[in-house]
1. Could you identify the single residue in A:S139, A:S219 that is among the hydroxyl-bearing types (S, T, Y), surrounded by fewer than 18 Cβ atoms within 10 Å (Cβ to Cβ) and either away from chain B (no Cβ under 14 Å) or within 16 Å of ligand 1 (Cβ to nearest atom) (or both)?
2. If I filter the range A:60-89 down to residues being open to solvent by 60 Å² or more (accessible area, probe 1.4 Å), within 14 Å of chain B (Cβ to nearest Cβ) and basic (K, R), which single residue comes out as nearest to the chain's Cα centre (by Cα)?
3. Within the range A:5-28, restricting attention to residues that are part of a loop (DSSP other than H, G, I, E, B) and more than 16 Å from A:A82 (Cα to Cα), which residue is farthest from ligand 1 (Cβ to nearest atom)?
4. Confirm whether B:M193 is modelled with pLDDT of 95 or more and open to solvent by less than 30 Å² (accessible area, probe 1.4 Å).
5. Which of (1) within 16 Å of ligand 2 (Cβ to nearest atom); (2) in contact with an Asp or Glu (Cβ under 7 Å, 6 or more places away or on another chain); (3) farther than 26 Å from B:F157 by Cβ does A:Q144 not meet, given it meets every other one?
6. Can you name every residue in the range A:150-168 that is buried (at least 24 other Cβ atoms within 10 Å of the Cβ) and more than 11 Å from chain B (Cβ to nearest Cβ)?
7. Can you name the residue in the range A:12-32 that is away from ligand 2 (no atom under 16 Å from the Cβ) and open to solvent by less than 50 Å² (accessible area, probe 1.4 Å) and, of all such residues, is farthest from the other protein chains (Cβ to nearest Cβ)?
Amino acid sequence: MSAPLLDASNLDAFYGPTQVLYGVDLEVVAGGITTLLGANGAGKTTTLRSLTGMLDTKGEVRFDGRSIAGRATEDIVRLGIAHVPQGRGTFVRETVEENLQIGAMSRRDRAAISADVERVYGYFPRLKERHRQQAGTLSGGEQQMLAVGRALMLRPKLMLLDEPSFGLAPLLVQELFEILRALNRDEGVSMLIVEQNAALALDLADHAYLLETGRLVMSGPAGEIRNNETIRRSYLGY
Amino acid sequence: MELFLHQVLAGLATGGIYACMALAVVMIYQAIDSLNFAQGEMAMFSTFIAWQLLQWGLPYWAAFFLTIGISFVAGVVIERVVFKPVQNESVLSHVVIFIALFAIINSAAGFIWDFTIKSFPSPFGTRELFGQRLISAHDAGMIGITILMLVLLYLFFRYTRVGLAMRAAAANPESARLAGIRVGWMVALGWGMAAAVGAIAGMLIAPVVFLEPNMMLSILLYGFAGAVVGGLTSPLGAVIGGFSMGVIENLAGTFIPYVGRELKLTIALTLIVAVLTVKPSGLFGRTVETRV
Ligand SMILES: Nc1ncnc2c1ncn2[C@@H]1O[C@H](COP(=O)(O)OP(=O)(O)O)[C@@H](O)[C@H]1O
Ligand SMILES: [Mg+2]
């Protein structure tokens, strides 16, 4: 067994004086897809934000053999962690293509950046059609694709995705998840996916964690959790 | 008619200076959501530096560009040393910091160079252009340089990677950090550029208003007026607002009886209030529709 790509241990997180995460332990293996499930308000977004240094935390986080806890967000990102945030983080006044260029801002290899823009357009042809449009005029689904595309421009080793299916039509969700699967299979991008749609996420992931009011209550292979009726009924509601 | 045209051109010349100050104010406002009241004093101090360099015998253009460089570095340093430590504090503490900066720079200039009025040379001379009475050579030079500078800034922000990174950092700092952009340095760069733009404005207007520590007071007010009227969220709006202020100021002073020199500033302030009442985001202030 190889060492995990991402390894968080005993993570506490705070909004001002309020504690919202309690001793969370979490791993993502290299090349794997892990999902973090839980009800609204359980602390899923907070967990992802803790991993990329966007709020006050205690505990240890290691990525690719380095300790990253307490580092600045931009430095963590530059190590190869792309975070697709809840709400998508679109640069609304910039064009679609500029949004992709912004995603590559930490890189210097100009030729490869242009090639990657085309690669993203290959995955998301709709973005190519609208590449000169202000990104704020895109539909919610298109902005979600743009957010994933912007993350890809970083050439990440690990992608953190916060509810990528939120607000998308079912067909679009299928399409997006197929692309995520392909990215993982063909390009070896590891993923940590936060989802409310547990069935969908368990289908894609190979490992799952379940979060309840800031504490991990369960973890295991995605297949086992999917097939355990008791867990499904009591925690996942389907 | 000739008088009218003359006043419009002269208005565009001073308007260019107001546009520079408006732009400098907007560049910082977009990054930190606060108005830099010390922008004018920073420009005044830059102009004194240029004057000192000229006194030491540097040729005009050498002093001009050296001053721009020094001002840029000073702007970056002021952000890193003075502003960065309080950037997450309330708007009120920003205001206090800016007022303190204003007072410190103003009295430092008075202390070093004293408060007597000094003349400042024009690189273009003061004779009339082409022997016409329409516009003086210095006014024409002012318009030329401000327009050149504005075009260069536009190209920088529109077409360079650093320009795009600065736009991203100002528009959505959190998302910019997630793209690996060093937002803090982008803000500092914005301060440097605003200080450099202010320095150019100060050096160009100094031959007209003369050099002394309070020279930028009313100019910054017109700059604010231009920025607010054009819209604090729109650099282009601020520039257009600045140019308009210059023209309106001149035409009102010439053609509306009783206005004269004394009431020109009142006109500008009235205009701010009027525009804000009708359109709070300014004439060019943008509100982008976002579909969800
Ligand atoms: N900015 C904030 N300030 C204070 N409390 C917050 C903030 N954001 C989230 N919380 C609280 O933290 C808890 C976890 O929120 P979050 O991580 O967004 O949950 P999830 O993503 O699982 O829906 C919730 O109780 C929420 O009310
Ligand atoms: Mg959430």
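The values are calculated or read from the model by the stated rules, or taken from the named source; none is laboratory data. The model shown is predicted, which means the values in this text are computed figures rather than measured ones. Backbone-built Cβ (ideal geometry, glycine too); neighbour counts: all protein chains shown. With ligands, DNA and RNA removed, areas are computed over all heavy atoms of the protein, side chains included. Shrake-Rupley method; radii C 1.70, N 1.55, O 1.52, S 1.80 Å.
1. The conditions single out A:S219.
2. The extreme case among them is A:R78.
3. The residue in question is A:P17.
4. Here the answer is yes, as B:M193 does meet what is asked.
5. Among (1) within 16 Å of ligand 2 (Cβ to nearest atom); (2) in contact with an Asp or Glu (Cβ under 7 Å, 6 or more places away or on another chain); (3) farther than 26 Å from B:F157 by Cβ, the lone unmet condition for A:Q144 is (2).
6. Selection gives A:L152, A:M159, A:L161, A:P164.
7. A:G23
Yes/no matrix, rows are residues, columns are (1) modelled with pLDDT under 95; (2) touching a His at 6+ places or on another chain (Cβ under 6 Å); (3) more than 16 Å from ligand 2 (Cβ to nearest atom); (4) farther than 30 Å from A:G223 by Cβ:
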{"position": "A:S2", "(1), (2), (3), (4)": "yes, no, yes, no"}
{"position": "A:L6", "(1), (2), (3), (4)": "no, no, yes, no"}
{"position": "A:T34", "(1), (2), (3), (4)": "no, yes, yes, no"}
{"position": "A:R49", "(1), (2), (3), (4)": "no, no, no, no"}
{"position": "A:R62", "(1), (2), (3), (4)": "no, no, yes, no"}
{"position": "A:R78", "(1), (2), (3), (4)": "no, no, yes, yes"}
